[in-house]
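Novice: Below are the structure tokens for one structure; questions will follow.
The values are calculated or read from the model by the stated rules, or taken from the named source; none is laboratory data. Just so we're clear, the structure is a prediction, and the values are computed from it rather than from any experiment. Here the Cβ is made from the backbone with ideal geometry for all residues, glycine too, and neighbour counts use every protein chain on show. The area values use the complete protein model at the heavy-atom level, side chains included, leaving out ligands, DNA and RNA. Shrake-Rupley method; radii C 1.70, N 1.55, O 1.52, S 1.80 Å.
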Amino acid sequence: MKRLKTKWSSLFVVVLSLLLLLVGCSSNSSSNSSSNEEKAETSGEAKESVYSDGKPVSIVAPASPGSGWDLTARALVEVFTKEKLVDFPVPVVNEAGATGAVSLSQLVTSQKGKADKISVTSTPIMSNYLRGLSDYSYEDVTMIARLMTEYYTVVVPKDSEYQTLTDLLEAIKADPQSVAIGASGDDQLPFALLLDAVGGDGSAIKFISYEGGGEITNAILNGDIKAAMSGISEFSAQIDAGEFRALGVTSEERLGGVMADVPTAIEQGIDVTFGNWRGVMGPPDMPEEAVAYWADVIEKALQTETWKDLAEKNQWETTFMKGEEFQTYLDETNEAYKKGLETTNQLKK
């Protein structure tokens, strides 16, 4: 009897131990499952909380309609809408003034920490600051992503006396004030570098400053200026229609489309290549979730056929960057612009 009692006692201990073990595992499993679900819900809420209210987010073109910034902003909105990448309106707002400096100032001073406005940006955010034309630079905002690179072209009216880029540059070299050149603030540097490359004085050029391609086009057609420099997309329609002649392009190799027959500056013995990067920025202290949201949406947008068609039409070379890679690029490019402005005597003293 004593042996039987001992046997049942031992069995009871074993069963009890197993039960306790199972309860513990179930409890841990339930706890882990609950924890994982909470994390997933929290993550989902964080992801959805940025723009889940469906309110509009403005995308700013810091210049007038027809400018490169305007074309870029509207191209992005077309892709966002057609490819159904966002669930809320993204209206384009034009904020012209001082080659982007007015819009940049508003973004820095009145939008800090907000998420309902993004803006197209490019080289002027560097050159304006380095030339003393703006109090703010790319370091004062939230740089989200680089979109692409656009090269510059020099155009003249179809009946211009200047047949080649060399003809134009030599005329300016001989008498800088005799030829008025239309260019917005950021487009003046590459033209000055072209003149510098043929031995001219880049700081003596008679520049007439405009906000963008639309204004420059009207100035050429009206005879207010004899030549102009800007991004290819701003003149492509007029080149295609035969109203303008493109004398050269600042790419390393010839481009396609309407620029297929236009020689590079290098081909003409002028050792200058120059590209204008364009990207998207947000206000200072923009919420990290918003930055991540737009970087992701833009990356997806640039992979679509809709964007690829627009890029081909406008001669844009897609060069997407975000995060640390983009920041490193900005720092290196800023130094290159500083050297270029020193060369042409345009750097703020």
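Residues checked against (1) free of Cβ contacts under 8 Å to residues at least 40 places away in the same chain; (2) more than 22 Å from E78 (Cβ to Cβ):
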| site | (1), (2) |
| --- | --- |
| K300 | no, no |
| T304 | no, no |
| K308 | yes, no |
| E335 | yes, yes |
| K338 | no, yes |
| E342 | yes, yes |
| N345 | no, yes |
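Novice: Follow-up. Evaluate the stretch 127-150: report whether one residue or more is at pLDDT 95 or above, open to solvent by less than 10 Å² (accessible area, probe 1.4 Å), under 22 Å from the mean Cα position of the chain (by Cα) and within 18 Å of L247 (Cβ to Cβ).
Specialist: Yes: one or more hits.
Novice: Filter the stretch 197-217 down to the residues that are at pLDDT 95 or above, in contact with a helix residue (DSSP H, G or I) (Cβ under 6 Å, 6 or more places away or on another chain) and not hydrophobic (A, V, I, L, M, F, W, C), then identify the one that is least open to solvent (accessible area, probe 1.4 Å).
Specialist: Checked the stretch 197-217; the qualifying residue least open to solvent (accessible area, probe 1.4 Å) is G200.
Novice: Looking at this structure, is V50 modelled with pLDDT of 95 or more and either closer than 22 Å to G185 by Cβ or open to solvent by less than 50 Å² (accessible area, probe 1.4 Å) (or both)?
Specialist: No, not satisfied.
Novice: What's the total number of residues in the stretch 305-349 that are outside any helix (DSSP H, G or I) and either of a type in the set (S, T, N, Q) or farther than 30 Å from Y51 by Cβ (or both)?
Specialist: Number of matching residues: 9.
Novice: Let me ask you something else. Restricting to the stretch 287-342, count the residues that are under 14 Å from the mean Cα position of the chain (by Cα), open to solvent by less than 70 Å² (accessible area, probe 1.4 Å), under 26 Å from P190 (Cβ atoms) and of a type in the set (D, E, K, R).
Specialist: Matching residues across the stretch 287-342 total 0.
Novice: Is it the case that I118 is outside any helix (DSSP H, G or I) and buried (at least 23 other Cβ atoms within 10 Å of the Cβ)?
Specialist: Here the answer is yes, as I118 does meet what is asked.
Novice: Taking into account only those residues within the stretch 66-95 that are open to solvent by 10 Å² or more (accessible area, probe 1.4 Å), in a helix (DSSP H, G or I) and of a type in the set (A, V, I, L, M), which is nearest to S230 (Cα to Cα)?
Specialist: L71
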